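Working notes for the structure below.
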Amino acid sequence: MSSNEISKLPPKVQQRLLRLQQLQQTLQGALTQKQQLEMELTEVDQALDELEKQTDDATIYKSIGSLLVKSEKGKVTVDLNERKELLDMRINVLGKQEERLRSQVKELQTKLQRDLRPLSPPPS
């Protein structure tokens, strides 16, 4: 729909279209953030798997910014498990937000289709 066509729509329909665009943008942002967290979770899982293969006295280095710092296996394992728990929780929250947003988008699309149906010319 062009902006000229949109401006001819009733204000209620214009508001719904704007709200739909906002919801879709919010949903896209949530999906992007969830995907990034899932990738980070995969990295944490891989790091934990590698740590399990190491002996307790193995030399372990932990990344802190652009530095690698020598650390103890137990401390790194605890830190990674805490990070994993936090990531799981955030992914879960984003998943619920995604479901809610998808439901709102679907509901709004249904209302818009109903609003726009009378405005469409009948098929020939």
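A few comments on the model shown:
- The set of residues from segment 32-68 being closer than 17 Å to residue 88 by Cα and of a type in the set (A, V, I, L, M) comprises 37, 39, 41, 44, 47, 48.
- All positions within segment 39-62 that are loosely packed, with under 10 Cβ neighbours inside 10 Å and assigned to a strand (DSSP E or B): none
- When the criteria are applied in full, residue 96 fails the requirement of being surrounded by fewer than 14 Cβ atoms within 10 Å (Cβ to Cβ), out of contact with any Lys or Arg (no Cβ under 7 Å at 6 or more places or on another chain), among the charged types (D, E, K, R) and not in a helix (DSSP H, G or I).
- Any hit, segment 36-45, residues being free of Cβ contacts under 8 Å to residues at least 24 places away in the same chain and acidic (Asp, Glu): yes
- Scanning segment 9-20 for residues that are part of a helix (DSSP H, G or I) and surrounded by 11 or more Cβ atoms within 10 Å (Cβ to Cβ) yields 13, 14, 15, 16, 17, 18, 19, 20.
Values in this text are rule-based calculations from the coordinates and carry no lab data. None of the values given here were measured: they were computed from a predicted structure. Using ideal geometry, Cβ is built from the backbone for each residue, glycine included, and neighbour counts are taken over all protein chains shown.
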